């Protein structure tokens, strides 16, 4: 699925995703979990402020962004992001 991504622009140009647009839905990047580089893509795994986990990839040749993986906050075990577990 093609998406639109707004990035922090550092010395190398578009580096770190800050906001991801999937259709009309705006997802703010809350926590960058991981990032890695393949020969023809850059990958970013993050938790959105909506609590979902996303993996997006950037094709370095065509400059197209794609959603590679999504897991909704409801399907992630444990308390919602940013909320501590209750103590017994």
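In units of the compact-protein estimate 2.2 N^0.38 Å, segment 4-75 shows a Cα radius of gyration of 1.05. Our estimate of slack between residue 45 and residue 25, defined as 0.36 nm per intervening residue step minus the Cα-Cα distance, is 5.4 nm.
Grab the Cα-Cα distance for residue 61 and residue 35, subtract it from 0.36 nm times how many residues apart they are, and report the gain in nm with one decimal. Before the final figure, lay out the partial values.
Values: separation 26, 0.36 × 26 = 9.36 nm, distance 1.82 nm.
Separation in residues times 0.36 nm, less the Cα-Cα distance, equals 7.5 nm.
Extending 7 Å from the Cα toward the beta-carbon at both residue 73 and residue 6 defines two label points whose distance is 2.0 nm.
Quick note: the coordinates plus some simple rules give every number you see, no bench work behind them. Please read all numbers here as calculations on a predicted model, not as lab measurements. Cβ: placed from backbone, ideal geometry, glycine included. Neighbour counts: every protein chain shown.
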